[in-house]
1. Find out how many positive minus negative residues lie around Cys510, taking Lys and Arg as positive, Asp and Glu as negative, among other residues whose Cβ is under 12 Å from that of Cys510.
2. Of the peptides 210-219, 418-427, how do they stack up when ordered by the mean number of other Cβ atoms within 10 Å, highest first?
3. Using only Cα atoms, locate the centre of the stretch 616-660 and the centre of the stretch 266-334, then give the distance between them in Å, rounded to an integer.
4. Using a ≥ b ≥ c from the Cα gyration tensor of the stretch 452-491 (square roots of the eigenvalues), is it rounded, prolate or oblate, where a/c under 1.5 gives rounded and otherwise the larger of a/b and b/c decides, a/b for prolate?
5. Indicate the gyration tensor shape class of the chain (rounded, prolate or oblate), computed on the Cα atoms with a ≥ b ≥ c the square roots of the eigenvalues: a/c under 1.5 is rounded; otherwise a/b larger than b/c is prolate and the rest oblate.
6. Got a sec? Charge dipole of the chain, +1 on Cβ for Lys and Arg, -1 for Asp and Glu; which of Tyr537, Gln450, Gly549 is way out at the positive end?
7. For Leu354 paired with Asn544, estimate the spin-label separation in nm (one decimal), with each label point 7 Å from Cα along the Cα-to-Cβ line.
8. Solvent-accessible area per residue for the chain at a 1.4 Å probe radius, Å²?
Amino acid sequence: MSVAIGIFGFGGRAPPAVLDLIVSARKQLISKNNNNTDEGPVVIVQSRSPSIETALLLPPYRIFVKSRTKDETTTNPPRLVVYCLPQSISDYSMWLNEELNEIRSILFTNKAIIVCYDPTKNTLTATTPDILTALSSTITTNTTYTTNSSSIAKINSMALSQFASFDTQAASQLVLQESSMATVLVLGSGGREHAIAVALAKSPRVKHVICHPGNAGTAMEGGKIFNTTHIETLSNFSFTDEHHSIANLVQQLAVQMVVIGPEGPLVDGLVDYLTQHCPSVRVFGPTKAAAQLEASKAFSKDFLQQHNIPTAKYKNFTNAEEAISYVNMLFDSNPHERLVVKASGLAAGKGVLLPTTRDETIDAVTQIMTDQMFGDAGDTCVIESFLEGPEASCLAFCDGNTAILMPAAQDHKRALDNDLGLNTGGMGAYCPAPCVTLALHNEIESMCIQTVQQMAQRGTPYVGILYAGMLLTRNGPYVLEFNCRFGDPETQVLLPLLENDLYEVMCACCDGTLHTMDVRFKENAAATTVVCAAKGYPESYPKNMNIVGLNDVVGKMKHVKVYHAGTKMSSSEGPLCNGGRVLAVTGTGRTISESRKAAYDAVCKLDFVAASGESLMHYRKDIAQRAMPENNKLRIGVIGSTRGTSLLPIMKACASGELNAEIVAVVSNKSTAPILEKGMSLGPTCVTKFVSSKNLTRSEHDAKVTSILRSAGVDLVLLIGYMRIVSKDFTDYW
């Protein structure tokens, strides 16, 4: 039988005191096991604590941690549980009560020692010496731990007191006066705003979520969510998009927070206006000056270059003749040149042209600057080098001082399957994106943090959502562009995976206290959204079709949520189509495959039917297809000690496509091993490192190697000329 230490609920936190406790407890249990042949190896399991797993693999700890499997605590009850308390009563109320009940069960059923960590105070409920003393007194009897020590009872009673405190606070929350709860105004009418409203309504601190103007979906959502057009007291209100009209609305509704969905009002300075005229109201979004990161591609490219944040080589132009002359110069020097031509201003996500020849590139410049295809958004034109690699949508919460990156998503811009057809606002998305490894996630988050910090130094602090469109090149991640708001349809796959209370996260952004938050997304979970559009989109398309099948999906299909975008209510016919992108159907599951199936199972039940009976719904059938296991390259990690000659045919097969795989890491225990040269020859996308084994146990060395392989997103480990015996911990982990 294995003796387990269970780590629960730490999310992105890895407090040194907790790490030291785990290491000391493990050492004590190993020592005890050496004197007791009935005990098995000491296994550490984590649940919702990925940062603990990452930290323990690294120096000075170098310890393996297992991710807990289903029913692990029943089949392998832990001797010691270290539990991170909820960071707020909202977290407890929303979903953590179930986890607390599980830990209570472990305590009473298996007599485990329960220690709580309070993230608000950075303290444990007992000292490490007291915990180790209690641990040393435990005696194993089959699968139950008993003790004759009162020290365990004392430690566990402190844990129970903490649990009882949350129960008491939760009970108080139930009887809170409505006056102490928040009313939130969400501005916008798309699927993004519907998703934001649904997420905000889950908060026990939110009384009402009012959408302005909203759509048929937010009108039908019920509960806390409704549209301004359905508020009787506003029947005589003059609704306009003017700043003063919005400010009057905020005051009349006694709103505590305004969340601005689309980029237009942000770029036009609505945050600035509301901050001045409604100073007691939190406004989630960047100021006009900060929103320049999206409003002007020329500005953002200059900003990126100035602060050495990787981006494609570029040049800005305000004169079409000069731009064309520049294009000709580049093609004269390299006939195979490929460029990207962008309108600098806002163009509804469609201001990027991807020509493939000299003539097409000149035409693109002419269309943007001379023909004004995108209006005055093309007064300034950005011409940049074409980069190759997968794209990823990387969104971060920002509070003016720092940024916390969400899991990467990938969207589908083209209207037709196989990425054909015209550019759209987005025909679907999925999350998490397999191409963004842990190492890439950390690198991209650092870029976002640097951006926020540099914006603050400019005197234009950035608050809200920073959406970095990233390209993952062979030389690392590059920023393609910034957006200053939630993406659509990325929001519809990100927010269903958020574990936190969105209202609390937004408050922390507005208040500059994001660094105190542990923003978490569900582990072992995925989401896929499929956009259902009107036929003809993104060009001319019909409206006013009946939306058929909603009653067969909404509230009937598990793991499916239908977000409305271009819809409106009809008094007699229910929701009608009122835009190009009409619905975003989101499925969730443990994997991309499961979430994709859930979404498409629901889409197949829907249709847009004209008065003539004609079906006028269009959707792509390949959303998230590229993320399916069969379409992803196997990510190979190699460890070796010698020349690595046997690696050459694998490298050749990967390069030719004969093997659907790529080598992403090469690690050696010998600093001069030629196999490292082979790794370096693969370029920056292959992590190549020497890991010394000096003064390390076999398991400690293997843990250090594993931390490198794990951050590179390795699926399969190959041992090629590896002149070491690997530990059982290593083989069990992989």
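1. -2
2. With the highest mean Cβ count within 10 Å placed first, the list reads 210-219, 418-427.
3. The stretch 616-660 and the stretch 266-334 have Cα centres spaced 36 Å from each other.
4. Details: a/c = 3.76, a/b = 1.29, b/c = 2.91.
Oblate is the answer for the stretch 452-491, as a/c is 1.5 or above yet b/c matches or exceeds a/b.
5. Oblate shape, in that a/c is at least 1.5 and b/c is the bigger or equal ratio.
6. Sorting the options by dipole projection puts first Gln450.
7. Spacing of the two 7 Å Cα→Cβ label points: 3.7 nm.
8. 42
The values are calculated or read from the model by the stated rules, or taken from the named source; none is laboratory data. Nothing here was measured: the structure is a model prediction, and the numbers come from that model. All Cβ positions, glycine included, derive from the backbone under ideal geometry; neighbour counts span all protein chains shown. Protein only, heavy atoms only, side chains kept; ligands, DNA and RNA dropped before computing areas. Shrake-Rupley method; radii C 1.70, N 1.55, O 1.52, S 1.80 Å.
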